[in-house]
1. Taking amide H positions as placed 1.01 Å from N in the peptide plane, with prolines and chain starts having none, which residues 5 or more places from A:Thr250, or on another chain, fall under 5 Å of its amide H?
2. Sequence gap at least 6, Cα distance under 8 Å: using those rules, report the relative contact order of the stretch A:1-156 to the nearest whole percent.
3. Given the Cα-Cα distance of A:Ala65 and A:Arg206 and 0.36 nm per residue of separation, how much length would full extension add, in nm?
4. Restricting the count to DSSP beta bridges whose residues both fall in chain A, what percent are antiparallel, rounded to a multiple of 5?
5. Quickly work out the A:Ala288-to-A:Asp83 label distance, labels modelled 7 Å from Cα along the C-beta direction, and quote it in nm with one decimal.
6. Chain A: longest stretch without exposed GluC sites (Glu not before Pro) (DSSP loop, at most 12 other Cβ within 10 Å), sites themselves excluded?
7. Under the 0.36 nm per residue contour assumption, what length would be gained going from the current alpha-carbon distance of A:Asn222 and A:Trp302 to full extension?
8. On full extension of the chain, what length is gained from A:Asp91 through A:Ala117, given 0.36 nm per residue of separation minus the C-alpha to C-alpha distance?
Amino acid sequence: MKASSEMTLSDKDGGGAGAIARLLLRWYDDHARSLPWRIAPGSGESPDPYRVWLSEIMLQQTTVAAVAPYFAEFTRRWPTVADLAAAPDEDVLAAWAGLGYYARARNLIACAREVVAAGGVFPDTEEGLRALPGVGAYTAAAIAAIAFGRRAVVVDANVERVVSRLFAIRTPLPASKPEIRTATDAITPEDRAGDFAQAMMDLGARVCTVREPACLICPIANHCDAREQGIAAILPAKTPKKPRPERTGTAFWIERGEGDAREVLLVSRPAKGMLAGMRALPSDGWSARGDGDGVPPVNAHWQVLEASVTHGFTHFTLTMQLMAARHDGGDVPEGEWWPVARIGDAGLPTLFARAAAGALACWPDGDD
DNA sequence: TAAGCGTGGCG
DNA sequence: TCGCCAAGCTT
């Protein structure tokens, strides 16, 4: 890469790397976003590692806007890591419903319990943090820097974009990751590494955006190689993604009772794979690999509903048909009867929440 | 190493 | 509308 040779820490002379950090920190002092999990720069308050950790897990591949209400609810219900560790699994999973990437919720529980078992204090080093469930290279570095003030090289998708442009790295992602990390290391200051990391992320979110970067208001535009070369908007390059297959499947609405006593059968998804461990409607075995078989789980007088749900996952698109039946007293799949009036509290992931809404809209009273 | 793993917003 | 993208981790 070119960046490292150019940057070889002319840090002390006030040029290059050191200048970028100083400009960015000065910009951050005036322009930091106000976020629920963030301590304002210069406030003197010390961040709560629990809140930093919780926010970082929630923010993995997830937007600030989506996280905000979940962060508020989690910290209201479970103000400390000990509170979270003591919560029943199903409560935490249900509270996470809708946020996506449900392995994060299972790792969140495991991590909280590990921390409590170790005395209730988060590790304060990158290495110690990295060993926790759900904490990878990025998250460990971010917590070490933000919660504990340690110098750490924090590289997320924002930083990848900013650094790719700053040093005009033309190698496509993900092949360019090592080069980007080295370049980020070279511009990361010893002091205020947490603020620096957050400044880079704020810059990426508000200025050095994916489309139409706002170079005119960028505090480090004068240091940006891509801007000088007129290629900022087309960096970083990315290797093409594989096409998403389309799959079909069926979900089954099995109902019993009348009026206020109406109940629907919910199952728990297997511990591994899609939507692992989450409550769901029974379905027919659809997966990323193949279509469902359309075979209902029990014999009954099934009715095919008009509604269907199309849902895009990361790696495939699913169109799910809906079938409904009254429970006639025969065998049912293992599950729990859930009051239809409280279906919104079941903690269904979005796919099944939409399926349930579709079933209720098409089959409002269940008796025909 | 590359694939598996959610969801909602945006242009 | 629809493909791209977001404070990635795990296996």
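1. Counting only residues 5 or more places away or on other chains, the set is A:Asp284, A:Trp286, A:Gly292, A:Gly294, A:Gln321.
2. 18
3. That works out to 49.4 nm of additional length.
4. Approximately 60 percent, going by the DSSP bridge assignments.
5. So the two model labels end up 3.5 nm from each other.
6. Counting at most 12 other Cβ atoms within 10 Å as exposed, the longest clean stretch of chain A is A:46-189.
7. Length difference between fully extended and current span is 22.1 nm.
8. Full-extension gain reported as 7.3 nm.
Any read-out appearing in this document is the output of simple, stated calculations on the displayed coordinates, not a laboratory observation. Predicted, not measured: the structure shown is a model, and the values here were computed from it. We place every Cβ from the backbone using ideal geometry, glycine too, and count neighbours over all the protein chains shown.
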